[in-house]
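Participant: One structure, as C-alpha cells, below. Some questions next.
Read the figures in this text as sums done on the coordinates, not as results from a lab. A quick note: this is a predicted structure, and the numbers were derived from the prediction, not measured. Here the Cβ positions follow ideal geometry from the backbone for every residue, glycine too, while neighbour counts run over all protein chains shown.
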C-alpha cells in the first residue's frame, strides 16, 4: 500500500466517519431557521418561494417516509428527471435519508438513452416533472420493477403506479409516524462507503456510463474544495446547470449542506443573467461556454458604445484590472502603485460594470468541464474578477485540482486539492489518486479496470503538464489529439478556443487527424451574430442567411486569419465552412454540459469536411 500523504491524513482525521446524512442533520441543527433553497415556482411565477433548512429537512423526511411506504429498500435507486427546483432537491435528499440512491438524469437524454439508464440503474421510484420528461421515459416506464412514478407538473395516464407529487408528500406525512423509527434506523445505518449517488455521464461517444460516488467521496471532495476556495461563511449561489452534472451537485447541493448557503434555483439557463442581476451571488460557477457568452455580450455592448471617451475609459480601466489580477498570481507581487491604480479604476469603472452583470459581490468565481480559453480569463481579470479554473471529472467527484486565493496562475487549472496526488504518465496522461476517485462504473467491470489501475491511480484520458510550482495545465483529451500526416501532435481545443474569440463564432470544431492540414467547421453565435451583423451594415436575417452573406463570411475569415497568426504552421486552419445552424445539446452536437461530440459532428458533417479537403492535400 502507498504511503498516505500527510495532508490527506489530516483531512481524513477531521472528517472521520461522517456521511451526508450527518452533514445534513448538522446544518439543520445549526442553521435551521436560515433560508436554504429558493425557486420561481410560485402561484404567479414572479416571486421566489423559499424553504429554510428546517423546513427542507422536515419535507425530506416526509418524502423519505413515502419512499419507504412505497417499498423502497436500502441501496435501491430513485431516478429524478426535473429542472432545478425545490422538488428536485427534496427527491434527492429524501432518497439519501431513506438509505437509497438518488440519480439525477439529464433532461435532454433521448428515449432510448433513458431506457438504457433505466435498465442499467433499475430505479424503484421515478420522479418526473413535465410532459416532455414523461415522453422521454416512454421506454423506461415499461419496467415492471418501478414501484411508483411521481409526477410534479404532469401526469401519466392509465398507470396505477403514478401519483401526483403533492399527494405523495401528503401520504409520506401521514406515514411518518408509522415508519419514523425505520427511517431513523436507515439513516443511522448509512456508512461512508455506501453509494450516495450514481451519475450517468453524458459522454461524447456511446451510451452513458454510471459513475458510482460514495459518501466518503463527497465528504472528502467537499471538505478539500472548501479548503482550497477559502470559503468559510454561508454564501449566496445561483443554480442553473443540471444536477446530473457533478459540479452543480457539489456546489449547489452538497457544499450548502456544509456551510448553510442559500441557493437560488432557476429551471432555464436563459434566465441566468437576469437572475444574477437580481440576486448578486457571492459565488458563481460557469462552464467555459457560459463565461464566453457573458464576455461576448459585454464586448458587443462596448463595441456599440458611440462615446469615444467612455470607451477609452473602460479600456484603460480594464487594462489596469488585468495587470492587477495578473500581479496576484503565485510568484508575483502587486506594487503599491498598481494597487492604487486598481482601486481608482475599480471605483470609477470596474465596480459599476461588475454590478451591472450582477457579479459585484462575487468572492469566488470558477470555471471547469472544459479548457478555459486564456483570453476569456484575461477579459474577466480586466473586470477585476479572478475566474479560478478548476479541473476534474465525474469520476473524481468533481474538482481534483483548483486555483484559489492561496495558489493562482492564469492558464492553468491550479494545484491538487489537499490530500490528492497527481502525476503525469510517460505518455503525458494526467493521473490522480485519493479519496475522491470513484469505486467504479455501474455494471461495467472492463471500463472500471481501464479507469483505475492496480496502484489506485485514476486515468483521466487527458494530456497535461505540471510546472515547477505544481500548477497543472491540460492540453487536450488524449483520444482527441490530432496527429497529422507528418506525425505532428496538435491539440484541437487550443485552435478552437482561438477561433471562438470572435464574437461571431458560436462553436468550432477542427479536423486534421491523418491529414496534411487542419480545417474547421464553424457555427455562428445565435445571439450575438445578428447584433454584429447590424453593426456591419448587414440586415439581420436568419442564421442560415447570415452564414452565406459575403460580409459575414469575410468577417469570420478575418477571425480565422487572426487565430492562425497565433498558431504554428501545422496548427493553422487552411479552410473552413460556416454553417447556418446552431449546435445545442438538443440538436445532438453537444453534450448536456455543452462539450463537443466530435464523432457526431464528424459523421453528421462528413460531406462538409470532405469538401474542405476536395482541393487536394
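Participant: Where does the chain land at 222 nm, in deg cm²/dmol rounded to the nearest 500, when only DSSP H runs of n ≥ 4 count, each adding -39500 (n - 2.57), divided by all residues?
Facilitator: Rounded to the nearest 500, the figure is -12000 deg cm²/dmol.
Participant: Here is a further query. How many angstrom lie between the C-alpha centres of the stretch 86-112 and the stretch 497-521?
Facilitator: Comparing the Cα centres of the stretch 86-112 and the stretch 497-521, I get a distance of 37 Å.
Participant: Report the percentage of all Cα-Cα pairs in the stretch 1-77 whose separation exceeds 19 Å, rounded to a whole percent. Mind showing how you got there, number by number?
Facilitator: Working: 1788 of 2926 pairs.
Tail of P(r) above 19 Å: 61 percent of Cα pairs.
Participant: Can I ask one more? Can I get the semi-axes of the chain's equivalent ellipsoid? Compute them from the C-alpha gyration tensor as square roots of 5 times the eigenvalues, in angstrom, largest first.
Facilitator: The three semi-axes for the chain are 40, 28, 26 Å.
Participant: Taking the chain as the reference, fit the longest principal axis to its C-alpha atoms, fit the long axis of helix 86-97 to the helix C-alpha atoms, and give the angle between the two in degrees, 0 to 90, nearest 10.
Facilitator: 50 degrees
Participant: Here's something else I'd like to know. Going by C-beta contacts inside 10 Å, put 246, 424 in order with the fewest on the left.
Facilitator: Values: 246 28, 424 14.
The order, fewest Cβ neighbours first, is 424, 246.
Participant: In terms of the ratio Rg/(2.2 N^0.38 Å) built on C-alpha atoms, what value belongs to the stretch 99-251?
Facilitator: Numbers: Rg = 17.5 Å, N = 153, 2.2 N^0.38 = 14.9 Å.
Relative to the 2.2 N^0.38 Å estimate, the stretch 99-251 comes out at 1.17.
Participant: I'd like the FRET efficiency for residue 312 and residue 185, computed as 1/(1 + (r/R0)^6) with the beta carbon distance as r and R0 of 60 Å, rounded to 0.05.
Facilitator: 0.30
Participant: Multiply the residue gap between residue 488 and residue 338 by 0.36 nm, knock off their C-alpha separation, and tell me the result in nm, one decimal place.
Facilitator: Value of the extension gain: 49.8 nm.
Participant: Could you tell me what percent of the DSSP beta bridges with both partners in the stretch 283-478 are antiparallel, to the nearest 5?
Facilitator: The antiparallel fraction comes to roughly 75 percent.
Participant: Looking at the chain, what % of its DSSP beta bridges pair antiparallel, to the nearest 5?
Facilitator: Of all bridge pairs located within the chain, approximately 55 percent are antiparallel.
Participant: Turning to a different aspect of this structure: What order do you get for 76-83, 260-267 when each peptide is scored by the mean count of other beta carbon atoms within 10 Å, highest first?
Facilitator: Details: 76-83: 24.8, 260-267: 22.0.
Averaged packing, sorted descending, gives the order 76-83, 260-267.
Participant: Which residues in the stretch 429-445 place their backbone N less than 20 Å from a point set 7 Å from the Cα of residue 14 along the Cα-to-Cβ direction?
Facilitator: Taking a point 7 Å out along Cα→Cβ of residue 14, the residues of the stretch 429-445 whose backbone N falls under 20 Å are 433-437.
Participant: Still on this structure, I have one more. Taking the Cα centre of each part, how many Å lie between the stretch 60-81 and the stretch 120-163?
Facilitator: Value for the Cα centre distance between the two parts: 14 Å.
Participant: Let me ask something else. Kindly express, to the nearest 10 degrees and within the range 0 to 90, the angle between helix 20-31's C-alpha long axis and the longest C-alpha principal axis of the chain.
Facilitator: 90 degrees
Participant: Same structure again: What whole-number distance in Å separates the alpha-carbon centres of the stretch 547-571 and the stretch 285-353?
Facilitator: Here the two parts' Cα centres lie 26 Å apart.
Participant: For the stretch 504-617, what is Rg from Cα atoms divided by 2.2 N^0.38 Å, rounded to two decimals? Mind dumping the intermediate values first?
Facilitator: Numbers: Rg = 14.3 Å, N = 114, 2.2 N^0.38 = 13.3 Å.
Taking the Cα Rg and dividing by 2.2 N^0.38 Å, one obtains 1.07.
Participant: Determine, for 478, 310, 386, the number of other Cβ atoms within 10 Å of each Cβ, and report the residues in order from fewest to most.
Facilitator: So the residues, fewest neighbours to most, are 310, 478, 386.
Participant: Which three lengths, in whole Å and largest first, does the stretch 283-478 cover when its Cα atoms are put on their principal axes?
Facilitator: Principal extents (largest minus smallest coordinate, Cα): 63, 33, 28 Å.
Participant: With a 10 Å radius around each residue's Cβ, average the other Cβ atoms per peptide and rank 520-529, 299-308, highest first.
Facilitator: 520-529, 299-308
Participant: Sorted by average packing, counted as other Cβ atoms within 10 angstrom per residue and highest first, what order do 118-129, 591-602, 277-288 take?
Facilitator: Details: 118-129: 23.4, 591-602: 18.8, 277-288: 20.4.
Put in order of decreasing packing, that is 118-129, 277-288, 591-602.
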